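Structure first, commentary second.
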Amino acid sequence: MARKVKKIKFNGVAKTVTIKIPSQKPKTKKEEYGAKQITVLEGLEAVRRRPGMYIGTTGPAGLHHLIWEVVDNSIDEAMAGYCNEIEVHLLPGNKIQVIDNGRGIPVDIHKQFKKSALELVMTKLHAGGKFGGGGYKVSGGLHGVGVSVVNALSKWLKAEVKRDGKLWMQEYVRGKPQAKVRSVGKAKGTGTIVTFEPDPEIFPIIEFNLETIINHLRQQAYLTKGIKIAIFDERQEKKGKKSVTEPVYTFYFEGGIASYVKHLNRNKEAKQENVFYAQKEVDGIGVEVALQYTADFKENVYAFCNNIWNTDGGTHLVGLRTALTRVLNSYARNKGYLKEKDENLTGEDTREGLTAVVSVKVKEPQFEGQTKAKLGNPEVRPAVDTVFSEAFSTFLEEHPRDAESIIEKSILASRARNAARIARETILRKGVLEGLTLPGKLADCSTREPENAELFIVEGDSAGGSAKQGRNREFQAILPLRGKILNVERARLDKMLANNEIKSLIIALGTNIGEQFDINNLRYNRIIIMTDADVDGSHIRTLLLTLFYRYFQEIIAQGHLYIALPPLYKIQLGKEIKYAYSEEEKEKILNELQKAKKQKNEKAKDQKSKKAKKQIEKEEVKETTPTIVGINIQRYKGLGEMNPEQLWETTMDPKGRLMKQVTIEDAKKADEIFNILMGDEVEPRKRFIQTHAKSVKNLDI
């Protein structure tokens with residue numbers, strides 16, 4: 001069995017992982033394919049063999065998905081009306097414990113399988129109370145594989161159930177029960193306790209992120225009115241912090257998703273004073289919708305089915321969007337905001353600045369895949385349409401000032417959209433996108449194979465000049481930007497397209513923008529932002545990240561966007577040159593050089609004359625002194641200070657450069673941060689700076 005050591009990054013920290021690679025035996029004869037080659041995986045072995053089919057990935061998202069699966073069972077109990085308290089404990093040793101006060105998983109013997117119902121739920125994929133047996137009216141875990149998958153992917157798991165005045169328990173190792181379900185004592189009340197430790201054979205890195213857990217459980221508390229969710233971090237008790245026996249966060253929201261919308265808009269300028277909220281059941285489908293318009297230019301909508309966030313939307317989202325556009329057009333016509341000659345508002349117009357949450361409860365949801373990214377039930381669309389249309393029409397009539405603000409914003413968006421369309425048609429003609437009139441400042445690469453090409457977006461003409469001379473012309477293109485680009489967080493598309501720097505970047509990328517965006521036309525496999533390591537460089541980088549996140553998010557999602565990491569210091573001793581990328585690395589290199597020089601001097605003392613020794617002693621430095629005789633330290637304030645050879649060697653050469661890949665681990669959190677840092681509201685930005693000021697490193701004043 002061969003072993004391969006691989007370095008990966010998790011939350012910005014380098015980790016070393018050893019991967020076992022089965023040794024390959026050479027084929028000696030033609031391999032047969034018959035019945036003996038067919039493998040039947042029993043029990044939970046299929047989950048362990050192909051975990052990605054059940055949790056999406058064995059990375060951080062899949063690791064945290066284990067918690068969501070267990071919590072979903074408790075949420076199902078809450079939606080059924082049997083649970084109002086849930087606790088999630090982060091325990092030492094990478095263990096997680098979820099406690100609820102629901103009915104408790106049944107422990108009696110199942111007639112068909114002659115085993116305890118608890119064991120069946122924990123060890124069989126499609127076993128549970130969610131398949132028409134009357135256990136649940138609605139639930140998130142329709143597939144019935146949730147907790148059994150957690151069991152399969154755990155090194156160890158313990159299930160405890162409080163029922164009938166007794167505490168029942170069963171333990172498992174990698175999905176296999178270690179003994180029968182048994183009573184281990186008396187218990188008051190009812191509920192379920194699941195404690196598990198993820199299996200390191202499945203997950204290369206096991207580190208639970210408290211912030212990720214807090215954000216997800218806050219969302220669940222908003223979606224389930226009246227439920228209390230407490231989070232405990234018992235991994236270590238920090239000095240000056242709360243005791244590990246106290247929750248780090250407790251969530252309880254009576255307002256439900258109306259409160260959720262207010263939370264999402266807390267740092268935004270509201271255009272609508274009253275939050276719209278409606279709840280009704282139609283043909284057995286529970287529909288709940290809340291919305292509020294803000295001064296933003298983007299849409300911010302979340303769709304849920306049975307408390308499961310459907311990241312790719314589905315029929316409930318389609319029903320909401322369709323009804324919203326129809327109702328607003330009807331109201332605008334009836335009240336005279338739109339004349340006969342005026343075109344109808346489009347869906348894009350009516351969704352500008354919209355923050356909305358739509359949540360449906362469906363008895364038998366049809367999700368696309370085990371991760372439940374998209375809802376497919378066709379009957380949900382008319383149900384949402386009906387409930388929302390009736391309630392929102394009434395809301396507009398009862399709140400004329402809010403209605404006027406919404407219509408005015410939508411009409412203004414329509415005018416801006418038409419202006420942007422005209423500008424886009426003028427600027428981004430077909431010939432332009434084919435590369436016939438690429439920006440003059442772009443130094444393109446010679447390859448015409450996008451998968452091999454990379455584009456460096458460089459700050460300023462000086463750095464651009466060094467980059468153009470130092471690059472590999474075969475596959476590296478350089479686009480220098482003059483000054484700071486427009487802050488797109490505060491601008492519509494028509495204003496963006498009038499900005500020459502943004503226009504040049506759009507043409508260079510080749511994807512077009514807005515409705516015409518097409519990731520398949522991307523001209524470069526890697527887009528690399530390369531700015532100076534100072535305040536202005538950081539600001540330019542933030543402006544570019546805002547542009548990509550708002551208008552080219554698919555480029556980030558598919559892993560094409562990177563940030564170059566040029567060195568801060570050049571450290572030279574004689575002919576030896578080293579580069580430091582941080583203050584800490586500079587100190588480390590200086591200490592190493594100082595130690596090496598001291599050893600060299602001590603060796604020279606023993607070999608040279610007294611005269612030579614005296615000369616050496618003059619050159620010695622104390623260990624606490626940061627400067628060393630003979631060492632030259634150069635601080636790079638800008639990329640333009642580097643000559644082409646240095647820029648290539650340190651920042652552009654694929655063999656030795658350092659880069660950060662830009663990812664979107666939490667789109668909702670990213671959206672919030674961009675809005676705080678780049679939006680119009682000053683107070684949220686001020687609070688953010690005050691909160692995080694002490695944690696800033698390498699502050700350039």
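So the values come out like this:
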{"read-out": "Complete set of residues in the stretch 176-186 that are crowded, with 19+ Cβ neighbours inside 10 Å and touching a Leu at 6+ places or on another chain (Cβ under 6 Å)", "value": "V181"}
{"read-out": "K361 vs. criteria open to solvent by 20 Å² or more (accessible area, probe 1.4 Å) and over 21 Å from Y277 (Cβ atoms)", "value": "no"}
{"read-out": "Tally, over the stretch 272-297, of residues that are in a loop (DSSP other than H, G, I, E, B), more than 24 Å from the chain's Cα centre (by Cα) and buried (at least 19 other Cβ atoms within 10 Å of the Cβ)", "value": "2"}
{"read-out": "Test: residue in the stretch 379-387 that is buried (at least 19 other Cβ atoms within 10 Å of the Cβ) and of a type in the set (S, T, N, Q)", "value": "no"}
{"read-out": "Single condition P566 does not satisfy, out of (1) open to solvent by 10 Å² or more (accessible area, probe 1.4 Å); (2) more than 30 Å from G630 (Cα to Cα)", "value": "(2)"}
{"read-out": "Qualifying residue in the stretch 508-524 (condition: of a type outside the set (K, R), free of Cβ contacts under 8 Å to residues at least 40 places away in the same chain and assigned to a helix (DSSP H, G or I))", "value": "yes"}
{"read-out": "Of all residues in the stretch 156-199 being part of a strand (DSSP E or B) and among the β-branched types (V, I, T), the one that is farthest from A46 (Cα to Cα)", "value": "V184"}
{"read-out": "Per-region count, the stretch 479-504, residues of a type in the set (A, V, I, L, M) and not in a loop (DSSP other than H, G, I, E, B)", "value": "6"}
{"read-out": "Residues that are in a loop (DSSP other than H, G, I, E, B) and either under 30 Å from the mean Cα position of the chain (by Cα) or basic (K, R) (or both), drawn from the stretch 543-587", "value": "F552, Q558, G559, H560, L565, P566, P567, L568, K575, Y581, S582"}
{"read-out": "Considering residues of the stretch 489-512 that are at pLDDT 85 or above, in contact with a Lys or Arg (Cβ under 8 Å, 6 or more places away or on another chain) and among the aliphatic types (A, V, I, L, M) only, the residue surrounded by the fewest Cβ atoms within 10 Å (Cβ to Cβ)", "value": "A508"}
{"read-out": "Complete set of residues in the stretch 444-478 that are of a type in the set (D, E), closer than 19 Å to L543 by Cβ and either in contact (Cβ under 8 Å) with a residue 60 or more places away in the chain or in a loop (DSSP other than H, G, I, E, B) (or both)", "value": "E459"}
{"read-out": "Unmet criterion (only one of (1) touching a residue at least 60 places away in the same chain (Cβ under 8 Å); (2) open to solvent by 20 Å² or more (accessible area, probe 1.4 Å)) for G574", "value": "(1)"}
{"read-out": "Scan of the stretch 281-333 for residues that are β-branched (V, I, T) and in contact with a Pro (Cβ under 9 Å, 6 or more places away or on another chain), ordered by number", "value": "V282, I308, T315"}
{"read-out": "From A423, A467, A419, residue being at pLDDT below 90, buried (at least 17 other Cβ atoms within 10 Å of the Cβ), of a type in the set (G, A, S) and over 30 Å from the mean Cα position of the chain (by Cα)", "value": "A423"}
{"read-out": "Leading residue by the ranking (most open to solvent (accessible area, probe 1.4 Å)) among those in the stretch 530-542 that are β-branched (V, I, T) and more than 20 Å from the chain's Cα centre (by Cα)", "value": "V535"}
{"read-out": "Helices (runs of 4 or more DSSP H) enclosed by the stretch 314-406 - at least 1 residues per element that are touching a strand residue (DSSP E or B) at 6+ places or on another chain (Cβ under 6 Å) and farther than 21 Å from F297 by Cα", "value": "315-334, 380-398"}
{"read-out": "The stretch 298-318, subset under 11 Å from G376 (Cβ atoms) and open to solvent by less than 40 Å² (accessible area, probe 1.4 Å), residue nearest to the chain's Cα centre (by Cα)", "value": "N310"}
{"read-out": "Criterion violated by K363 - all others in (1) at pLDDT 95 or above; (2) closer than 30 Å to I285 by Cβ; (3) basic (K, R) satisfied", "value": "(1)"}
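The values are calculated or read from the model by the stated rules, or taken from the named source; none is laboratory data. The model shown is predicted, which means the values in this text are computed figures rather than measured ones. Using ideal geometry, Cβ is built from the backbone for each residue, glycine included, and neighbour counts are taken over all protein chains shown. Note: accessible area is taken over every heavy atom of the protein model, side chains too, but ligands, DNA and RNA are not part of it. Shrake-Rupley method; radii C 1.70, N 1.55, O 1.52, S 1.80 Å.
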